[in-house]
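Single-structure report; data block below.
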Amino acid sequence: MCSPDKTSVSTDRAPAAVGPYSQGVHAGELVFTAGQLGLVPGTKEFAGPDIESQTRQALNNLKAVLEAGGSCLRHVVKTTVFLADMSEFARMNAVYAEFFADEPPARSAVQVAALPLGGRVEIEAIGLACACHPTVDL
């Protein structure tokens, strides 16, 4: 019988889950995040109307969830970026590069028909759990 090492991750430094899902899950040696919009934690407001401010906030939210799960941006191995408009890719990518300057993770980027709350971008990640970032209870 399977005995999975799976723990839900939650932090108030990122927007709360608004449905039957976790902000993240720590499973074995990996931390999986839910998709993060550019919402300011504790509000339902976007950091700004533009792709740059929403990307920056989404990545800060992602960072918070990863850290709460025992990982960090440096240990991300894969991201998926969902864009409401692929013509904003270059502007999103410029902000993304600020967060993943050295040894960036593998990435997929796709345009979707719509994002929750009318967001411009949503980003999810898979990171390695590591001893230098113990799971934080927030």
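The values are calculated or read from the model by the stated rules, or taken from the named source; none is laboratory data. Only a predicted model underlies this, so the values are computations on that prediction, with no experimental measurement involved. Because the Cβ atoms are built from the backbone with ideal geometry, glycine has one as well, and the counts that use them run over all protein chains shown.
I'm trying to understand the selection: among the residues of region 1-32, which are part of a loop (DSSP other than H, G, I, E, B), of a type in the set (A, V, I, L, M, F, W, C) and modelled with pLDDT of 95 or more?
ALA14
Within the set of pairs 6+ apart or on separate chains, which have a first residue in region 10-32 that is closer than 12 Å to THR43 by Cα, a second that is assigned to a strand (DSSP E or B), and C-beta atoms under 7 Å apart?
ALA14/GLN36; PRO15/LEU39
Could you check how many residues of region 104-138 are loosely packed, with under 15 Cβ neighbours inside 10 Å, modelled with pLDDT of 95 or more and outside any helix (DSSP H, G or I)?
8
Kindly establish whether PRO41 is in contact with a Leu (Cβ under 6 Å, 6 or more places away or on another chain) and modelled with pLDDT of 95 or more.
No: the conditions fail for PRO41.
For region 79-99, enumerate the residues that are in contact (Cβ under 8 Å) with a residue 40 or more places away in the chain and surrounded by 14 or more Cβ atoms within 10 Å (Cβ to Cβ).
Matches in region 79-99: THR79, THR80, VAL81, PHE82, ARG91, MET92, VAL95, TYR96, PHE99.
How many of the residues making up region 7-49 are within 13 Å of VAL65 (Cα to Cα) and among the charged types (D, E, K, R)?
2
From the list ALA90, ALA84, ALA58, ALA94, exactly one residue is touching a Lys or Arg at 6+ places or on another chain (Cβ under 7 Å) and not aromatic (Phe, Trp, Tyr). Which is it?
None of the other options fit; the residue is ALA84.
I want to confirm something. Restricting to region 93-112 and keeping residues that are under 15 Å from GLY35 (Cβ atoms) and aliphatic (A, V, I, L, M), which single residue is farthest from the chain's Cα centre (by Cα)?
If we take residues in region 93-112 being under 15 Å from GLY35 (Cβ atoms) and aliphatic (A, V, I, L, M), then VAL112 is farthest from the chain's Cα centre (by Cα).
Of the residues ARG74, ARG91, which single one is in contact with a strand residue (DSSP E or B) (Cβ under 9 Å, 6 or more places away or on another chain) and either part of a helix (DSSP H, G or I) or among the charged types (D, E, K, R) (or both)?
Of the residues listed, the single one that is in contact with a strand residue (DSSP E or B) (Cβ under 9 Å, 6 or more places away or on another chain) and either part of a helix (DSSP H, G or I) or among the charged types (D, E, K, R) (or both) is ARG74.
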